[in-house]
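The values are calculated or read from the model by the stated rules, or taken from the named source; none is laboratory data. In this text the structure is predicted, and so the values were computed from the model without any measurement. Every residue, glycine among them, receives a Cβ derived from its backbone with ideal geometry; neighbour counts consider all protein chains shown.
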Amino acid sequence: MASHTSGDIRKILVALASRHIQVVRNTLTKVGTDEDALKEDLKVIKEMYFKRNIVTLAKSIAKETSGDYKAFLLTLLGE
(Lines give C-alpha, C1' and ligand atoms only; values in the text may rest on other atoms or scores of the structure.)
Protein backbone atom coordinates (compact mmCIF):
# COMPACT_ATOMS: atom_id res chain seq x y z
CA MET A 1 0.00 0.00 0.00
CA ALA A 2 2.82 2.45 0.79
CA SER A 3 4.03 2.50 -2.80
CA HIS A 4 0.56 3.41 -4.09
CA THR A 5 -0.57 6.04 -1.59
CA SER A 6 0.77 8.84 0.56
CA GLY A 7 -0.06 11.13 3.46
CA ASP A 8 -3.52 11.33 4.92
CA ILE A 9 -5.05 8.94 2.41
CA ARG A 10 -2.60 6.22 3.52
CA LYS A 11 -3.39 6.84 7.21
CA ILE A 12 -7.11 6.62 6.52
CA LEU A 13 -6.72 3.41 4.54
CA VAL A 14 -4.59 1.81 7.26
CA ALA A 15 -7.17 2.79 9.89
CA LEU A 16 -9.99 1.60 7.65
CA ALA A 17 -8.31 -1.74 7.05
CA SER A 18 -7.49 -2.23 10.72
CA ARG A 19 -11.00 -1.37 11.89
CA HIS A 20 -12.65 -3.32 9.09
CA ILE A 21 -10.61 -6.42 9.93
CA GLN A 22 -11.71 -6.15 13.55
CA VAL A 23 -15.38 -5.75 12.61
CA VAL A 24 -15.18 -8.59 10.09
CA ARG A 25 -13.55 -10.88 12.64
CA ASN A 26 -16.17 -10.04 15.26
CA THR A 27 -19.11 -10.51 12.92
CA LEU A 28 -17.83 -13.74 11.37
CA THR A 29 -17.30 -15.43 14.72
CA LYS A 30 -21.02 -15.08 15.39
CA VAL A 31 -23.63 -17.20 13.67
CA GLY A 32 -24.05 -15.42 10.34
CA THR A 33 -22.42 -12.19 9.24
CA ASP A 34 -23.71 -8.83 10.44
CA GLU A 35 -23.53 -7.01 7.11
CA ASP A 36 -25.37 -4.04 8.57
CA ALA A 37 -22.56 -3.54 11.11
CA LEU A 38 -19.97 -3.63 8.33
CA LYS A 39 -21.93 -1.13 6.23
CA GLU A 40 -22.44 1.19 9.20
CA ASP A 41 -18.74 1.10 10.04
CA LEU A 42 -17.80 2.12 6.50
CA LYS A 43 -20.47 4.83 6.53
CA VAL A 44 -19.00 6.34 9.71
CA ILE A 45 -15.47 6.25 8.31
CA LYS A 46 -16.58 7.97 5.09
CA GLU A 47 -18.47 10.64 7.04
CA MET A 48 -15.51 11.30 9.34
CA TYR A 49 -13.17 11.60 6.36
CA PHE A 50 -15.48 14.08 4.65
CA LYS A 51 -15.85 16.22 7.78
CA ARG A 52 -12.09 16.38 8.18
CA ASN A 53 -11.13 16.90 4.52
CA ILE A 54 -14.22 18.42 2.84
CA VAL A 55 -13.86 15.87 0.06
CA THR A 56 -15.22 12.34 -0.07
CA LEU A 57 -12.97 9.40 0.69
CA ALA A 58 -13.99 7.88 -2.64
CA LYS A 59 -12.90 11.01 -4.51
CA SER A 60 -9.56 11.04 -2.71
CA ILE A 61 -9.00 7.36 -3.42
CA ALA A 62 -9.92 7.85 -7.08
CA LYS A 63 -7.41 10.70 -7.33
CA GLU A 64 -4.56 8.98 -5.47
CA THR A 65 -4.79 5.43 -6.84
CA SER A 66 -5.28 3.65 -10.16
CA GLY A 67 -6.06 0.36 -11.82
CA ASP A 68 -7.17 -2.72 -9.94
CA TYR A 69 -6.10 -1.21 -6.62
CA LYS A 70 -8.38 1.78 -7.19
CA ALA A 71 -11.25 -0.48 -8.25
CA PHE A 72 -10.77 -2.68 -5.18
CA LEU A 73 -10.78 0.24 -2.74
CA LEU A 74 -13.81 1.88 -4.34
CA THR A 75 -15.65 -1.43 -4.32
CA LEU A 76 -14.77 -1.88 -0.65
CA LEU A 77 -16.35 1.51 0.02
CA GLY A 78 -19.46 0.53 -1.92
CA GLU A 79 -18.81 3.02 -4.71
* Asked: Out of all the residues in region 55-64, is one or more in a helix (DSSP H, G or I), among the basic types (Lys, Arg) and at pLDDT below 85?
  -> no
* Residues in region 19-53 that are assigned to a helix (DSSP H, G or I), surrounded by fewer than 10 Cβ atoms within 10 Å (Cβ to Cβ) and at pLDDT below 75: how many? -> 2
* Single residue of region 55-75 satisfying the filter (over 21 Å from Val44 (Cβ atoms) and polar (S, T, N, Q)) that is surrounded by the most Cβ atoms within 10 Å (Cβ to Cβ) -> Thr65
